[in-house]
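Some notes on the structure that comes next.
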Amino acid sequence: MEQGLLHDFEARCTQEEAPSCQSMCPLHVEVRPFVKFMAEGNFPEARKILDRLMPLSGVLGFLCDGPCTAHCRRNTVDGAVNLPMLERACAELSAFVKPMSMPGSGRKAAVVGSGLSGLSAAFELAKKGYEITLFHAGAPGGRLLSLPTKQLPRNALPDALEMLERLRVTFAELPVFSSGRLESALADFPAVYVGLDDEAVQSSEYGTALLEGGLPDPLTLAARGTDVFAGGLPADAGPSFILEAADGKKGAASVDRVVKGVPAASAREKEAVYLSTLYTDVSSAAGNPAVIPADPAAPTAAEAVAEAGRCLQCRCLECVKHCPYLARYKGYPKRYAREFYNNLSIVHGQRKANTQINSCAECGLCAVLCPYDADMGAFCADVRREMVRDKRMPPRHHEFALQDMEFSNSAEVAFFRLEPGRSECGWAFFPGCQVPASRPEQTEAAYAHLRHALPGGVGFFFSCCGAPARWSGRPALTASTAAALREQWTINGKPVLIVACSSCLAFFQAELPGIPARSLWETLAEFPLPDAAGPAGRTLALHDPCTARHAAPMQENVRKLLAAVGQEVEELALSGKQTRCCGYGGLAAYADRETGDLYSLSRAGDTRNTLLSYCVVCRDRLRAAGKPSLHLFDLLFPREDAGQAALRPPPGISARQETRLSFRRSLLQRLWHEPPVRNPLMDEILLRIDDAVAEKMEMRRILRDDVKAVLLYAGEHGAMFSNAASGRSLACLRPRQVTFWVEYSREEDGPYRIHDAYCHRMVVPGVPGEGAPSPCTVEGYAVKGGRM
């Protein structure tokens, strides 16, 4: 992956951006952790944050005028958090701790002026190990000396001056700041900062001369040449202690760079205040009015804790809040993107992010919710394609889904037929592979209804669209599948396709835009309803499939159909364009079953009502999650057991394939009078599988046909192990990249009783399908018949 693509995606995710209160603070104090500690009553930890970022916090903590409060997101709710009050309380309720400072470096610099700006510059440089000489006229402190004790406690300034002396700051008094005298004193210093907030400096001959060339450079505060910097001048709105301290900190950084031989202007883009791009949704923030302290000069601990508790702790995480996949890995898109990029870059070693990359449903909800259109699904799709291209895609993640697609598109299952009795058709019904696998009778009923309603004949096109190939990152397979669909469509007269599955319709629109395709629901909404159609008799919560997220006409037509049958519907909070995914999209459930289940459970928990979907996979996955669920077919083409439809269990993986086969055979026989094509060897093998074993097979994605293939091979070649004590046999077969093992016994009436079935990807020498046979042993079993 090119770094440019990574950087473009990273730029869209603003979770790591500072909140507005921090970005608009001249000192960029880390407000979120500071306020969090204050809300917990942990004043010492809160003070550590101030001490680290705020020069002379024991002074400035009492004086900050809080320009950040105008940008607090809580302003739009019930008023900003009073940060100046919290800083004052913190300074009052916690003890000052001597800051960590670097060992003496031998470097030296000078500061002129003892106002807050000069003191701040001296503090910042002293922390870096500088020997500082601070030139002042009169008592150090400038206008701080004239502040009332209500504003600045009596001991605050003396304590700060004492601390500066301990940090190797030497105070040198000059009666008058004359240019000649000061220039002589400064000659031995490689760089100087001048604090113009000190009236003695600003009104002096030296200060006046310094400003004759214009105001200091706003980026570096360079005032003369490359070695004299100045700040602390009052802003347009008047003097501000926080701005004076910020100038001192900025000037100290410039002095440090010059002394070290680094350009003063480099890499300082976000040193000034800036507008943060961090998005925070405050629409659901509960009202919590500001705390008014009884004595504003001395807020109590309880008042500070209560006011700090109003902070929203601004973060974005809009996508993470609603996506089980993003939430599960305890991060956010920008962080994941970097991890995935690093995962791709590994030459040797373990790629730990493979499962995470393949667990995304690619449903698009994150892109809809993100104010900057960061699409984690699209990013994951790019990564998957690169993994496949570079042969780094683990086969286990998508192999079963792709084999199921191959089965559905095989000559044994797929077919295209014109309407019986017609030589051409203007339409063709494309139900996809999942709808007939779950609702075969209703699929046939829908086809009958379309033939009755539409003029010009309606053919039947039974196939998998190819979405699994696309989701798994295999463009070549996607293209070949699309080409095969186009070929069948062309051979059969290029009819308009009526598509029952939203995933199929999305595939046609993306990969086969030249084929006219429309939603089944759009078509049904144009004609009278089927005679048997009717409501469920209770309110249903409507779940829009994620592949219909941007298909507004489809959503509208579904709602028209529901209104036509008189069905009362609950519109979920996350629906339409913001709908959730059931966990099938992107083959997420195949890559990581637990993440797939989290998708289903999250959606199931959105309502107390029975869910209704017009995607059959959504319906079946939601039902598997324990939620009573219906498919739209259950209202439009109800079966005799319609009253129990919401509780009907979803078919398993074997049942789906078997149903596709039987659906094809029965439909071709009834409508086109074609005799069914069968596999007599496989059909003759009868299985008896207890529920517990069947559940294991489902979890392990072992088909009944896989078991039959093992038994057929064992029977033909006599290749099995035999346990004389239990009377059971154990056989195996590796028909593809998976080895299947089946433990079984033969019952008296003929069927095979399956006691266990499991599989693995290890290559066992001698296993059928992987080269020449060779002897092997299994504890408790002896080889019977041919060698394994």
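Go through (1) more than 27 Å from ARG384 (Cα to Cα); (2) at pLDDT 95 or above for LEU598 and report which single condition fails. Against the list (1) more than 27 Å from ARG384 (Cα to Cα); (2) at pLDDT 95 or above, LEU598 comes up short only on (1).
Collect the residues in the stretch 530-558 that are of a type in the set (A, V, I, L, M), under 19 Å from TYR599 (Cα atoms) and outside any strand (DSSP E or B), keeping them in residue-number order. Correct list: ALA548 only.
When ALA446, ALA453, ALA467, ALA437 are checked against the criterion of being of a type in the set (A, V, I, L, M) and farther than 22 Å from SER613 by Cβ, ALA453 stands alone in meeting it.
Count of the stretch 243-259 residues, restricted to those that are open to solvent by 20 Å² or more (accessible area, probe 1.4 Å) and of a type in the set (A, V, I, L, M), is 4.
Of the residues in the stretch 647-695, how many are outside any helix (DSSP H, G or I) and among the acidic types (Asp, Glu)? Let's see the steps before the verdict.
We begin by selecting, within the stretch 647-695, every residue outside any helix (DSSP H, G or I); these are 648-652, 673-679, 684-690.
This time we only want the ones that are among the acidic types (Asp, Glu), so: 674, 684, 690.
Residues meeting the conditions: 3.
Take the conditions (1) under 21 Å from ALA533 (Cα atoms); (2) open to solvent by 10 Å² or more (accessible area, probe 1.4 Å); GLU419 misses just one of them, which is (1). Scanning the stretch 586-629 for residues that are buried (at least 24 other Cβ atoms within 10 Å of the Cβ) and outside any helix (DSSP H, G or I) yields LEU611, LEU612, SER613, TYR614, CYS615, SER629. Take the stretch 299-325 and flag every residue that is within 26 Å of GLN22 (Cα to Cα) and either of a type in the set (Val, Ile, Thr) or under 17 Å from the mean Cα position of the chain (by Cα) (or both). Scanning the stretch 299-325 gives THR300, VAL305, ARG315, CYS316, LEU317, GLU318, CYS319, VAL320, LYS321.
Among the residues of the stretch 515-543 satisfying the criterion of being free of Cβ contacts under 8 Å to residues at least 60 places away in the same chain, touching a helix residue (DSSP H, G or I) at 6+ places or on another chain (Cβ under 7 Å) and small (Gly, Ala, Ser), which is most open to solvent (accessible area, probe 1.4 Å)? Restricting to residues being free of Cβ contacts under 8 Å to residues at least 60 places away in the same chain, touching a helix residue (DSSP H, G or I) at 6+ places or on another chain (Cβ under 7 Å) and small (Gly, Ala, Ser), the top hit is ALA525. Looking at the stretch 270-283, can you tell me whether even one residue there is open to solvent by less than 20 Å² (accessible area, probe 1.4 Å) and outside any loop (DSSP other than H, G, I, E, B)? The answer is no, given that none of the residues of the stretch 270-283 is open to solvent by less than 20 Å² (accessible area, probe 1.4 Å) and outside any loop (DSSP other than H, G, I, E, B).
For ALA467, state whether it is touching a helix residue (DSSP H, G or I) at 6+ places or on another chain (Cβ under 6 Å) and either at pLDDT 95 or above or closer than 20 Å to ALA655 by Cβ (or both).
Values: touching a helix residue (DSSP H, G or I) at 6+ places or on another chain (Cβ under 6 Å): yes; either at pLDDT 95 or above or closer than 20 Å to ALA655 by Cβ (or both): yes.
Taking the combined requirement at face value, the residue satisfies it.
When we screen HIS398, HIS449 for residues that are in a helix (DSSP H, G or I), open to solvent by less than 10 Å² (accessible area, probe 1.4 Å) and touching a residue at least 24 places away in the same chain (Cβ under 8 Å), the only hit is HIS398.
For the stretch 46-69, the condition of being within 27 Å of the chain's Cα centre (by Cα) and either closer than 20 Å to GLN151 by Cβ or not small (Gly, Ala, Ser) (or both) holds for none of the residues.
What helices (runs of 4 or more DSSP H) lie completely within the stretch 40-150 and have 2 or more residues being among the small types (Gly, Ala, Ser), out of contact with any Phe, Trp or Tyr (no Cβ under 6 Å at 6 or more places or on another chain) and within 30 Å of VAL176 (Cβ to Cβ)? Answer list for the stretch 40-150: 116-127. Among the residues of the stretch 160-182, those that are open to solvent by 20 Å² or more (accessible area, probe 1.4 Å) and under 18 Å from ARG143 (Cβ atoms) comprise LEU161, PHE171, GLU173.
Residue-wise test of (1) closer than 24 Å to PHE461 by Cα; (2) in contact with a Leu (Cβ under 9 Å, 6 or more places away or on another chain); (3) basic (Lys, Arg).
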{"residue": "VAL496", "(1), (2), (3)": "yes, no, no"}
{"residue": "PHE508", "(1), (2), (3)": "yes, yes, no"}
{"residue": "TRP521", "(1), (2), (3)": "yes, yes, no"}
{"residue": "PRO535", "(1), (2), (3)": "no, yes, no"}
{"residue": "PRO545", "(1), (2), (3)": "yes, no, no"}
{"residue": "MET554", "(1), (2), (3)": "yes, yes, no"}
{"residue": "GLU570", "(1), (2), (3)": "no, yes, no"}
{"residue": "ALA573", "(1), (2), (3)": "no, no, no"}
{"residue": "SER600", "(1), (2), (3)": "no, yes, no"}
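Summed over the stretch 485-507, the residues that are within 23 Å of PRO553 (Cα to Cα), open to solvent by 20 Å² or more (accessible area, probe 1.4 Å) and not in a helix (DSSP H, G or I) give a count of 2. Scanning the stretch 652-667 for residues that are crowded, with 18+ Cβ neighbours inside 10 Å and within 13 Å of GLU412 (Cα to Cα) yields a total of 5.
Checking each residue in the stretch 695-709 for being touching a residue at least 40 places away in the same chain (Cβ under 8 Å), crowded, with 18+ Cβ neighbours inside 10 Å and hydrophobic (A, V, I, L, M, F, W, C) picks out MET697, ILE702, LEU703, VAL707. Out of ALA337, ALA381, one residue alone is open to solvent by less than 20 Å² (accessible area, probe 1.4 Å) and either assigned to a loop (DSSP other than H, G, I, E, B) or within 12 Å of GLY473 (Cβ to Cβ) (or both). It is ALA381.
The values are calculated or read from the model by the stated rules, or taken from the named source; none is laboratory data. Note that the structure is predicted; figures quoted are calculated from it, not measured. As a convention, Cβ positions derive from the backbone with ideal geometry for all residues, glycine included, and neighbour counts pool all protein chains shown. Side chains included, ligands, DNA and RNA excluded: accessible areas come from the protein's heavy atoms. Shrake-Rupley method; radii C 1.70, N 1.55, O 1.52, S 1.80 Å.
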